[in-house]
1. For Glu160 and Ser189, what is the calculated FRET efficiency with R₀ set at 45 Å and r taken between the beta-carbons, to the nearest 0.05?
2. Provide, for the stretch 104-250, the number of lysine pairs with alpha carbons under 28 Å apart, each pair being eight or more places apart or on different chains.
3. Can you give me the orientation-averaged projected area of the convex hull built on the Cα atoms of the stretch 250-349, in nm²?
4. When the label point is put 7 Å from the Cα of Arg128 along its Cα-to-beta-carbon vector, which residues of the stretch 69-83 have a backbone N closer than 15 Å?
5. If you count, for each residue, the other Cβ atoms within 10 Å and average over each peptide, how do 360-367, 265-272 line up from highest to lowest?
6. Tell me whether the stretch 1-135 comes out rounded, prolate or oblate; compute the Cα gyration tensor, take square roots of the eigenvalues as a ≥ b ≥ c, and use a/c under 1.5 as the rounded threshold.
7. For Cα extents along the principal axes in Å, the listed values are (1) 61, 43, 40; (2) 68, 50, 39; (3) 131, 62, 38; which was obtained by calculation from the structure presented?
8. Could you tell me the accessible area of Asp305 in Å² (1.4 Å probe, neighbours in place), rounded to the nearest ten?
Amino acid sequence: MKKILLVAGDRHGLLKVLPLHKALHEHDGYEVLFAAGSPLPQGERSGENLPELFGISETIFSVGAGGISPVGRTASAMTAFEKFFVDEKPEIALIGGDDDVALAAALAAAKLSLPIAYIGAGMRDYNRRSPGEINRKLIDAVADILFVSEHSGEYNLINEGYDEDRIFFVGEMTIDSLAGLIGRANSSSVTGDFGVEAKKYVLVLLDRAAALDDIDVLKKMERVVRTIAEKHPVLILADPYVGTVLQEHEMEPAFTSLSGVQVRQFPGYVELLRLVKDALFVLTDSLTAQAESTVMKVPCLTMLDDTSCPATIEIGTNVLVGDREEDILRGIGDAVEGKIKHMAKIPEKWDGAVSQRIVDVLDRLFRE
């Protein structure tokens, strides 16, 4: 049997590898190991454990990324992965995500000449200030097998000189996770618990504490939320670090005092899916929910100038509105009027069958 290691750090990475666990387990030729960042990301409200939702009951190798800097975290995780690789001797590492744990796994594997497959290869936002962009490029550089989620990934890798024989267009793995959990999401009571009605509320996702750590930015965000709340209830989901920023700038009351506005910590992924699905539209400051909202045909306004998932803006429901207040408000108007989702389509191979395509590729490569 071939011993395969699945690796992910944060929730974005987990969503790109967890569906593979079942597909590989159903195959007679593979023994599956799993390594993830420590602690495993959980929903603040539900305490949700994503691996358990995907039926992973065996021991997960927990990689603690010590250190207070990105370099320190990466170095610490590399050391942990080196020992794990030597002890367990996997024959290939399948890596998802672009955080420091994912990068550490790729670099450690490369140093030990362990073959690497990268899920979500070739994605670029061309923002070199973004840690994710740097990590994605570095993981691509050491990977042997490059699984891409959309055509832009193929084009990027080919333009950068990668051998086409190593590139496999399989689709977006996050949609496999969505497909595997949407039944649970549909049964979730989170909308009722939060007191919101389907297609009558706006979901605001605040994920980037560093970008919000400025009083002028927070006041702009408060004006945007106030404008939305004049016509629609607003549910704000804030990363815990964002909550800390709001408190430090004494801006939390500016949001919570607005009529029809709630500020909550991020729930588990299942509950997040339900909230995205039932929202009138989503306003986000990160990659969170871009792919899922496109498949669910929910308008998504992203307060960034770039995205590493361009299919969501080329044919999906995602619109980059940047950080200028007037552009954000213009996008809100378009979303409410239905202009965004009218022509939206689901990108090719975003169909929930990505895991099996990857297994098929592995079968073929291992036979060669």
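The values are calculated or read from the model by the stated rules, or taken from the named source; none is laboratory data. Predicted model only: the values in this text are computed from it and were never measured. Heads up, the Cβs are rebuilt from the backbone with ideal geometry, glycines too, and the neighbour counts pull from every protein chain shown. With ligands, DNA and RNA removed, areas are computed over all heavy atoms of the protein, side chains included. Shrake-Rupley method; radii C 1.70, N 1.55, O 1.52, S 1.80 Å.
1. That pair, Glu160 with Ser189, gives E of 0.45.
2. Pairs that pass both the separation and distance tests number 9.
3. 7.3
4. none
5. Details: 360-367: 13.8, 265-272: 22.4.
Answer by packing, highest mean first, reads 265-272, 360-367.
6. On the way: a/c = 1.44, a/b = 1.18, b/c = 1.22.
Verdict is rounded for the stretch 1-135.
7. (1)
8. About 120 Å², rounded to the nearest 10.
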